[in-house]
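Here's the structure, in structure tokens; my notes come after.
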Number of protein chains: 4
Amino acid sequence: MKIGRETVPRTAICTSDEHTIVVRGHDLSRELIGKVSFLEHFFLLLTGALPTAGQAKVLDATLVAIAEHGLVPSVQAARMTFAAAPDAMQGAVAAGILGCGSVVLGSSETAGRLYAEIDAQVQQGASTRVAALAAMQAWRAAGRSIPGYGHPLHKERDERVGALFDVARGAGTDLRFVAIAETVESLMPEVLGKPLKLNVSGAIPAVLLGAGFPVQALRGVPILARTAGLIAHLYEEMQRPAGFALSYQATREMVYDGAVPEGFARP
Amino acid sequence: MKIGRETVPRTAICTSDEHTIVVRGHDLSRELIGKVSFLEHFFLLLTGALPTAGQAKVLDATLVAIAEHGLVPSVQAARMTFAAAPDAMQGAVAAGILGCGSVVLGSSETAGRLYAEIDAQVQQGASTRVAALAAMQAWRAAGRSIPGYGHPLHKERDERVGALFDVARGAGTDLRFVAIAETVESLMPEVLGKPLKLNVSGAIPAVLLGAGFPVQALRGVPILARTAGLIAHLYEEMQRPAGFALSYQATREMVYDGAVPEGFARP
Amino acid sequence: MKIGRETVPRTAICTSDEHTIVVRGHDLSRELIGKVSFLEHFFLLLTGALPTAGQAKVLDATLVAIAEHGLVPSVQAARMTFAAAPDAMQGAVAAGILGCGSVVLGSSETAGRLYAEIDAQVQQGASTRVAALAAMQAWRAAGRSIPGYGHPLHKERDERVGALFDVARGAGTDLRFVAIAETVESLMPEVLGKPLKLNVSGAIPAVLLGAGFPVQALRGVPILARTAGLIAHLYEEMQRPAGFALSYQATREMVYDGAVPEGFARP
Amino acid sequence: MKIGRETVPRTAICTSDEHTIVVRGHDLSRELIGKVSFLEHFFLLLTGALPTAGQAKVLDATLVAIAEHGLVPSVQAARMTFAAAPDAMQGAVAAGILGCGSVVLGSSETAGRLYAEIDAQVQQGASTRVAALAAMQAWRAAGRSIPGYGHPLHKERDERVGALFDVARGAGTDLRFVAIAETVESLMPEVLGKPLKLNVSGAIPAVLLGAGFPVQALRGVPILARTAGLIAHLYEEMQRPAGFALSYQATREMVYDGAVPEGFARP
């Protein structure tokens, strides 16, 4: 069935013949394997060009920053899934990735869209402060929360934020989105009445947009990073199962508040 | 509900307090962000130790080798899924990863298990040739195919194989699994009656096992690598949709050979 | 880590002790198994009450109407995934379900939200025509498309629409959302300049909302229905593989329009 | 790329033209919508024929029996995923389905394969007892556990087992797989040294195989049933969030037993 206008698939990422695989114009076996890092390869696949040393440094740092944060919900989902279906590691990784959504890890992307919106105004002559305030107020008026600020555990600025900003400064990539992110932070008390501090989901787009990473692909960053962490957790699960223990603990204080049949003693 | 013996979840990968995230004994913000590459971080998460330069080189090369091979079935599945559900990039990545199964990308893991089995015999004094022949015959007798050899497109040895072996030689990691993989290749005519050549799914465990990568975690390598490729394809899909064009083409020659009601003209 | 306000999980769907499983207040083994249909059980699980005969008839009809439509993109994704990972049927079903997104099958839910919005105005005294026109214009002004109308294949009203409306009329459930859906259809030329006809994604909420099905759970209807169709396709795939044939056909006319290295002959 | 022998996809499930959708030879809008139940439609999609009243009764009963069992691991995974990604209900359902694996819900399929193996011997003249004993001993010798017996919570025979067997007896479907399942149960003390009782995963294939349900499609039964339960849980999650509370509880007693940097106080 024809859906949409296009009937011929087109791609500019990869082609091959019997002998050669071509990735973004490069001969994979001769020019890339052993010559570029996985990180550089990812940037090449995504953007069509190899990163500069500074761009690679910043992207590496963001992936390291969010690959792992312990037994968070998505890791729990993956370990429970693997305990139930140990033959299919790919299924457990998929279950974990499905938690990279708008509330938890997708806020990197949403914060990036806010910064890009502010930057567009700045490029047209507005001051960062004025543009940030206008965008924040517009988002609030539309009922949207300001993503990338505050954390359930870290009440001060998450230490990863400073580490990422240091890397960006050292790498020599564009710092204008860092300035935007910090301006938004400084306006939090004025707009929200609460001094919410930058968290890692705000810091990631702040450094990545300045390193030429496309805003639309930002959600790919936590997805790729967490995949690495999930694989480590599933390897640990093979050796020291915790998936069913997590699910046992999860319901120890569970309250059932629905109806019961006559004679059934509420647990 | 209690399933299994464990009731308390244990982990050795990550912990944190209000200020500090600890990953495998390291302070994430002070010792890892900006100091190690994503690849080194992945190895640390998985094994508990940072890789040597040689180990990192080999792991980088394998991830680069299999991150991308064009519009293969799993990429098609991801792009079709994204065309239908563009709000959820994580869902499209998950759909693509779910195709890293026993037939296609999981064969790296299965080949690794074969090599490890042969290696165990060699460690006990058998010659590589004798141990390989015995293992191959046992697998055939049990109705299992020999994974990691032959390719629908590349009839000669896939060029990625030589590239990966060159990297391993240059990196100074253990080459004994490369020797095992090549011995298996040389025995193919004798065991299968066909001169099937090593493919990339055989080469990956051949170099990775020698670099200290755990055999049980091998399926994680194509999963992580392909995640990078999938993200690139989904970013391309945002800009130049091909998902529905792929599905349109896929059924142009479809044959429906079931029953039809009276009066229905078979398309 | 604490995220959100709640720390104790509560549920009213199911509890159990050593002998008895309680579902929505009923003893599963004594009152439900063999006494209610799967469809009635689904309605009970979802809403807390068993459906009337009329409600069950309408819900049955909608699930039958959209369970299957041939080798659509989500079925292709599932069959390709199963061909690559045949050990994990659950993974292939999951890949298919992930295509129940905002563009394709999720439009039932979106159309339901539009009808509910119009109904809220009607309940406050507006005429259906005025309320529908206002809602449609507001959606257009906000850049949202009107879901549930038009079809790439069926240019007239999809025959399933009439069949579903007939069932609703026969079942004696509330028809006011059917009236709303038809009013929206009649306003299409005025609002969009095109006489787009009701499709099955519009008809489903039109009959279901009148049968007491909750608007927020509407996306569950195509998900459940398609799961049945996906299982049938995967069983066919076991016996007559088509997954790899689909992916082969999909790229036969593929155009690679990226760069190539010197000497590489574009395929 | 061509993988496997087939290059043209074939299907016998569904076709359509501009006016009519044909499912298994029936006109969907005229012969199925409003005329058959969702359950009958599922059986038709899968097997090509509508079920008898007895077959439908048995299949309905099995789907009701396993649709729901409270906040089990797969439901927890789905609710955590939905809490993190509330825009994508399909992703949360997929995460839940991915837990229908070999250990938990897939055991219905494995038990079905054991019963079919025993039945094949009985068809060739062996007594049920002899055939069952031989198969059980062969499975044990091959290191496989006997699926469908024992339960972490229900030490006696799960009440759902008797309820399903009663339905099969009342429905008039073939009871020979019930006899096989009970014979296996009676041999448990002899083969395993433990009086493990039939659980619901054993009872399901025992009644379904006698109702003409194909053994290879058995894993589809828990997948379809649980999809209904998952949708109910996700609708509850929208109204009364529990996903993050589950994940909070899950790690309250978590033990981190890895290394820590100097000065870090173990939580």
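The table below gives the values:
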item	result
Given (1) free of Cβ contacts under 8 Å to residues at least 60 places away in the same chain; (2) facing another protein chain (nearest Cβ under 7 Å); (3) open to solvent by less than 20 Å² (accessible area, probe 1.4 Å), number of the condition D:K2 does not satisfy	(3)
Which listed residue, of B:A138, B:A116, B:A168, is open to solvent by less than 60 Å² (accessible area, probe 1.4 Å), more than 21 Å from the chain's Cα centre (by Cα) and either farther than 18 Å from B:L208 by Cβ or not polar (S, T, N, Q) (or both)	B:A138
Qualifying residue in the stretch B:48-70 (condition: within 14 Å of chain C (Cβ to nearest Cβ) and open to solvent by 10 Å² or more (accessible area, probe 1.4 Å))	yes
D:A179 being open to solvent by 10 Å² or more (accessible area, probe 1.4 Å), within 14 Å of chain B (Cβ to nearest Cβ) and of a type in the set (A, V, I, L, M, F, W, C)	no
Qualifying residue in the stretch D:97-104 (condition: farther than 24 Å from C:L246 by Cβ and at pLDDT 95 or above)	no
Filter pass, B:L63 being free of Cβ contacts under 8 Å to residues at least 24 places away in the same chain and of a type outside the set (D, E)	no
The stretch D:33-51, subset without any contact (Cβ under 8 Å) to a residue 40 or more places away in the chain and not in a helix (DSSP H, G or I), residue farthest from C:A53 (Cα to Cα)	D:G48
Hits in the stretch B:230-264 (condition: more than 7 Å from every other protein chain (Cβ to nearest Cβ), open to solvent by 10 Å² or more (accessible area, probe 1.4 Å) and of a type outside the set (D, E))	B:Q239, B:G263
Filtered residue count, the stretch B:5-28, keeping only those that are surrounded by fewer than 23 Cβ atoms within 10 Å (Cβ to Cβ) and more than 7 Å from chain D (Cβ to nearest Cβ)	6
Where B:S108 falls short, out of the listed (1) among the polar types (S, T, N, Q); (2) over 19 Å from D:V93 (Cβ atoms); (3) without any contact (Cβ under 8 Å) to a residue 12 or more places away in the chain	(3)
Residue satisfying all of: in the stretch B:183-221; among the charged types (D, E, K, R) and out of contact with any strand residue (DSSP E or B) (no Cβ under 7 Å at 6 or more places or on another chain); surrounded by the most Cβ atoms within 10 Å (Cβ to Cβ) among these	B:R219
The listed residue being crowded, with 22+ Cβ neighbours inside 10 Å, free of Cβ contacts under 8 Å to residues at least 40 places away in the same chain and within 14 Å of chain A (Cβ to nearest Cβ), out of D:Q90, D:Q76	D:Q90
Residues satisfying the stated conditions in the stretch C:141-165, i.e. over 13 Å from C:V200 (Cα atoms) and under 17 Å from the mean Cα position of the chain (by Cα)	C:I146
Subset of the stretch D:93-107 that is over 21 Å from A:L105 (Cβ atoms), among the aliphatic types (A, V, I, L, M) and in a loop (DSSP other than H, G, I, E, B) - its residue that is most open to solvent (accessible area, probe 1.4 Å)	D:V103
Of the criteria (1) more than 30 Å from A:K2 (Cβ to Cβ); (2) more than 14 Å from chain B (Cβ to nearest Cβ), which one C:G112 fails	(1)
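To keep it simple, each residue is scored yes or no on (1) among the aliphatic types (A, V, I, L, M); (2) without any contact (Cβ under 8 Å) to a residue 40 or more places away in the chain; (3) in contact with a Leu (Cβ under 9 Å, 6 or more places away or on another chain).
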{"residue": "C:W139", "(1), (2), (3)": "no, yes, yes"}
{"residue": "C:A142", "(1), (2), (3)": "yes, yes, no"}
{"residue": "C:R157", "(1), (2), (3)": "no, no, yes"}
{"residue": "C:D174", "(1), (2), (3)": "no, yes, yes"}
{"residue": "C:A179", "(1), (2), (3)": "yes, no, no"}
{"residue": "C:E190", "(1), (2), (3)": "no, no, yes"}
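The values are calculated or read from the model by the stated rules, or taken from the named source; none is laboratory data. What you see is a predicted model; the values in this text were computed from it and never measured. So basically every Cβ, Gly included, is an ideal-geometry build from the backbone, and we count neighbours across all protein chains shown. Only protein heavy atoms, including side chains, enter the accessible area calculation; ligands, DNA and RNA are left aside. Shrake-Rupley method; radii C 1.70, N 1.55, O 1.52, S 1.80 Å.
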